[in-house]
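First the structure, in the form of structure tokens, and then the observations on it.
Just so it is clear, none of the values below were taken in a lab; they were calculated from the coordinates. In this text the structure is predicted, and so the values were computed from the model without any measurement. Glycine also receives a Cβ, built like all others from the backbone with ideal geometry; neighbour counts cover every protein chain displayed.
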Amino acid sequence: MARIVGGIGASHSPTIGFAKDTDKAADPAWAPIFAGFEEIKRWVKAQDIDVLFMIYNDHISSFFFDHYSAFALGVDDSYLPADEGGGPRDVPPLKGHAALARHIAAALVADEFDMSFFQAKPLDHGCFSPLSMIAGGKEGWSGSIVPLQVGVLQFPIPNAKRCYKLGKSLRKAVESFPDDGLKVAVMATGGLSHQVHGERCGFNNEDWDEKFLDLLENDPEALADIRLADYAEQGGLEGAEVIMWLIMRGALSDKVTRVHRTTYLPSMTNIATVIYEDLRGRPSPQEVEAYRRHMTHELAGVEKLEGTYPFTLERSHKAFRVNDFLHRLIFPEHRKRFLEDPEALFEDFALTEQERDLIRGRKWIEMIRYGVSFFVIEKMAAVVGQSNPEIYAAFRGEDLATFQKSRKVAMQYSVAGGDKAKELGKR
Ligand SMILES: [Fe+2]
């Protein structure tokens, strides 16, 4: 079983990454920022932490308002820094612990959190600012991360209590991950008090920040009961992102040992760093087993259904590149290039030889077995002029006439629109 060793809290202001990139450590105005993060760096190294569960919010870099979700868990095995307008920071990519991420995903959904999942998305300063401060040298953080992006910038957003409860489930998730000796620390980022928009821009409240840190350590349930509007009033609207720290606190024991705490308000944001060590014992093997059964309850036995391939996070990750390639057929330019010069397009998207062969050969059932989603296959079928029933027949190893005889009515249809649909309708 994996183990939560402790929790870290740290601001994630872009100031922090900027300080690192511009070597401000010796500048007295900036030095306290480095001193705070140095403590975290030392603790992470001393505790030999393998995985940092990084709780952060994206600042409309990789997550936009066209589809904004509350709790987005990263399930990838590598993360690049995002370009936030002036080019990405010159920092190495972060390794993702995809297996732990998938386990946590299953656990949180089983505990009725409606998660979303992301891959192939770069992470912005919310995650990279604090991490680059604790990473050693040019090679970056040597362990791996599981990122949780919390959508706190477009209301309605989850409240503090919801975050706290998610932390409680996160603990059970980590403790039931079957990797003995894996050491995990939960790192919450954001805050403390600040507001960066509107006439109230520049608002801070250091008294509230100290009170927040007292309560976080000793009475987190009191913080879980505070409304978002009250967080905004006390610590600024953007400062209300500190509700993310409740996820970290919820994942720790009721009582914790504080090993570090600092705040420093040089400009716009009160920059905090805290470390808590966990005090609770480990769950019994029976408790872990019961939780694993609860996690797998919904899908247990589904593997026995013949000819059925549930589209799991594992399949999605394995076949992401080819699914992405085929999904892009919704864009006219990609469609055109696919029809005119597919080999050049395969090259541009670095598809493997196996993936190219599946597409060239219209090997529909092999595509399903490989991990291609049916719903991009039907897009490709529409592009190459095949109907959905032709695909269904191919899946079953039948000719179209035989397949149609198995239906009440023989119908031809496709997801194609416009002229393509009209063409198919005449067949
Ligand atoms: Fe933020």
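Length gain on complete extension for the stretch residue 112 to residue 280, per 0.36 nm per residue less the alpha carbon to alpha carbon distance?
Full extension from residue 112 to residue 280 adds 58.0 nm.
Assuming R0 = 30 Å, can you tell me the calculated FRET efficiency for the pair residue 349 and residue 90, based on Cβ-Cβ distance, to the nearest 0.05?
0.70
So how far, in whole Å, is the C-alpha centre of region 116-134 from the one of region 288-358?
Region 116-134 and region 288-358 have Cα centres separated by 24 Å.
Please give the contour-minus-distance gain from residue 255 to residue 327: 0.36 nm per residue of separation, less the Cα-Cα distance, rounded to one decimal in nm.
Contour length minus the Cα-Cα distance gives 21.1 nm.
Could you sort the peptides 183-189, 234-240, 308-314 by per-residue average Cβ neighbour count (10 Å cutoff), highest mean leading?
Per-residue mean Cβ counts within 10 Å order the peptides as 183-189, 234-240, 308-314.
Can you tally the net charge around residue 267? Count Lys and Arg as +1, Asp and Glu as -1, for every other residue whose Cβ sits under 15 Å from the Cβ of residue 267.
-3
Enter the angle in degrees (range 0 to 90, nearest 10) between the Cα long axis of helix 206-218 and the first principal axis of the Cα atoms of the chain, meaning the one along which they spread out most.
70
Quickly work out the residue 262-to-residue 305 label distance, labels modelled 7 Å from Cα along the C-beta direction, and quote it in nm with one decimal.
5.5
Multiplying the sequence separation of residue 22 and residue 225 by 0.36 nm and subtracting their Cα-Cα distance, what value in nm do you get?
Gain on stretching residue 22 to residue 225: 69.0 nm.
For the pair residue 168 and residue 289, how long in nm is the line joining their label points, each one 7 Å along Cα→Cβ?
Here the modelled spin labels are 2.5 nm apart.
Suppose R0 equals 35 Å; then what is the FRET efficiency for residue 320 and residue 60 from their Cβ-Cβ distance, rounded to the nearest 0.05?
Step by step, r from the Cβ atoms, then E = 0.90.
Pairs of alpha-carbon atoms within less than 8 angstrom and 6+ residues apart define the contacts here; what relative contact order does the chain have, in percent?
Result for the chain is 19 percent.
Once you compute Rg and the Kirkwood Rh from C-alpha atoms, what is the Rg to Rh ratio for region 319-425?
Using Cα coordinates only, the ratio equals 0.98.
Net charge near residue 416: determine it from the other residues with C-beta under 13 Å of the C-beta of residue 416, scoring Lys and Arg +1 and Asp and Glu -1.
Charge balance near residue 416 sits at +2.
Sorted by packing (mean other beta-carbon atoms within 10 Å per residue), highest first, where do 402-411, 269-278 land?
The most tightly packed comes first, giving 269-278, 402-411.
Based on the mean of other beta carbon atoms within 10 Å per residue, what is the order of 209-215, 40-46, most packed first?
Going from most to least packed, we get 209-215, 40-46.
Would you compute, for the Cα atoms of the chain, the largest minus smallest coordinate along each principal axis and list the three values in descending order, in whole Å?
76, 52, 41
Apply the Karplus curve 6.51 cos²θ - 1.76 cosθ + 1.60, θ = phi - 60°, to the phi angles in region 275-281 and return the couplings in whole Hz, x for Gly and Pro.
Result, rounded to whole Hz: 9, 10, 9, 7, 10, 6, x.
In nanometres, what is the gap between the two model label sites at residue 196 and residue 357, each 7 Å from Cα along Cα-to-Cβ?
About 4.9 nm separates the two model spin labels.
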